[in-house]
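Each reported figure results from applying straightforward, stated rules to the coordinates on display, with no laboratory input. Computed from a predicted structure; not experimentally measured. Note that we place each Cβ from the backbone using ideal geometry, even for glycine, and neighbour counts take in every protein chain shown.
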Amino acid sequence: MTQISWFQNKHIVLGVTGGIACYKACELARELGRRGAIVQVVMTKAATAFVSALTFQALTGREVKVSILDPEAEAGMGHIELARWADLVLVAPCTANTMALLAQGQAPDLLSTVWAAAACEKAIAPAMNQHMWEHPETQANLERLSAKAQVIGPDSGIQACGDVGSGRMSAALEIANTLETTLNHGPLAGRRVVITAGPTQEPVDPVRYLGNRSSGKMGFALAEVANRLGAAVTLITGPVHLETLAGVNRIDVETASDMHAAVHSTLKGVDLFIGAAAVCDFRPASVSKQKLKKSKDDLSQIMLTENIDIIHSVANSPNRPSLVIGFAAETELVLEHARQKLTTKSLDAVIANCVASGEIFGQNETEATIVFSDSDQKLVPGTKSEVSQEIFAILSPLLAKGTRNEPEI
Ligand code: C5P
């Protein structure tokens, strides 16, 4: 699947300073490149003692800059060129020393000079010993830097020096995901969206399950488009064969009750919930510890019990998002059934598909109608991504207003 990322074709100056977390910066350089960014690494002299410039050159395909006096740069002003070129200056790892330089506008080397000269987006991922991190001067520098740059991390845990505490550089994936979300200024910027996708699998015994034909493609397409429009997206998916989408927070689950728990753990502060998952309505009442044997066990004896309706529980939760949107895959009386679901599940809209021919499950194309309590709108048939774009073109203005049911002022 094509990955559309904020980083696509963006110019990133990745500043690497001298700490053991430099090894994580290698992963980060790779991850940014994987998302389509053009990465120019600038290292401090101390950083070159931890990881060689050659490593970053191999990972980014660009010669690493270390010296402020670069005779190759236009008019000998490499720092200004780099500052103008960059869409983002990201310093990761950022040591206490570099934090102090950046916070105080000091510019003794290339990286701090680029930082001072750059008017673009800026971010740091601090990494240092816990006592250095907690030092009042570091905390004062952090406060100054937070006003002009995004600060990602640090994490807590066991440190390279043997201490346990705060100061570990955040993981490369977390840094990239955080930036992906916060730097995107699309129409859904600042909005939080939770989407369920795929089937659920309800175990019968250690090797068998009840499931369905959902591929997860619709939910994944919705998640990708919402992310591209600037939303912070959590995608809670049953077992599918689809790649993790760039910038999307993916939670993998297996059963309906796992999905229910995952959904409710993420619901606080969510603006929009879309239930695109084909949740199994029933599960075996008890799961056999041993594989059922055809000779011994009468399979007609498998008792079923009803699964909780996740979207209904979301729509009736104290944390109810402004918009709760369901899907209705029907084989007949599509709009009537969709309208019924809208009411019984307390939804704001239902996206109705006709699956009579079975031609939508697993396909890249779809046809759907979005059903509100007072109107319907047939969507132009297309790929699941195109239909997702139409869906968000309809939903985004409703979110901007608050809820659809809110009176207009
Ligand atoms: O009732 P039905 O399963 O046809 O409704 C489909 C809609 O309800 C979808 O949005 C689906 O994600 C959601 N659903 C749910 N939990 C269930 C069953 C369905 O969230 N247990």
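A compact table of results
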item: Largest to smallest principal axis extent of the C-alpha atoms in the range 180-258, angstrom; result: 47, 19, 15
item: Distance histogram in 10 Å bins (all Cα pairs of the range 165-322, percent per bin); result: 11, 34, 30, 16, 8, 2, 0
item: Across LYS217/LYS268; LYS294/LYS341; LYS294/LYS384; LYS217/LYS345; LYS10/LYS217, pairs whose alpha-carbon gap is larger than 32 Å; result: LYS294/LYS341; LYS294/LYS384
item: The range 46-132 - Rg and Dmax from Cα coordinates, angstrom; result: 13.3, 43
item: Projected-area average for the chain over all orientations - Cα convex hull basis, square nanometres; result: 25.7
item: Cα convex hull of the range 11-183 - mean projected area over all directions, nm²; result: 9.0
item: Fewest-first sequence of VAL164, VAL151, VAL350, VAL225 by Cβ atoms within 10 Å of each Cβ; result: VAL164, VAL151, VAL225, VAL350
item: Exposure proxy order (Cβ contacts within 10 Å, fewest to most) of TRP85, TRP6; result: TRP85, TRP6
item: Principal axis dimensions, the range 328-373 - Cα atoms, whole angstrom, descending; result: 29, 18, 13
item: 0 to 90° range, to nearest 10: angle between helix 334-344 axis and the chain longest Cα axis; result: 80
item: For ILE251, distant residues with modelled amide H under 5 Å away; result: LEU235, ILE236, THR237
item: Amide H contacts of LYS122 (H built 1.01 Å from N, under 5 Å, at least 5 apart or other chain); result: VAL89, GLN150
item: Convex hull (Cα only) mean projected area of the range 85-236, reported in nm² to one decimal; result: 13.1
item: Karplus (6.51, -1.76, 1.60) ³J(HN,Hα), θ = phi - 60°, over the range 320-332, in Hz, Gly and Pro reported as x; result: 3, x, 4, 10, 10, 10, x, 10, 9, 9, 10, 9, 8
item: Karplus-derived 3J(HN,Hα), 6.51/-1.76/1.60, for each residue of the range 100-105, Hz, glycine and proline x; result: 5, 4, 5, 5, 9, x
item: The range 258-391: relative contact order in percent, alpha carbon pairs under 8 Å with at least 6 residues between; result: 18
item: Packing-based exposure ordering (other Cβ within 10 Å, fewest first) of SER52, SER112, SER388; result: SER52, SER112, SER388
item: Given the chain, longest segment not containing exposed loop GluC sites (Glu not before Pro) (DSSP; at most 14 other Cβ within 10 Å); result: 73-242
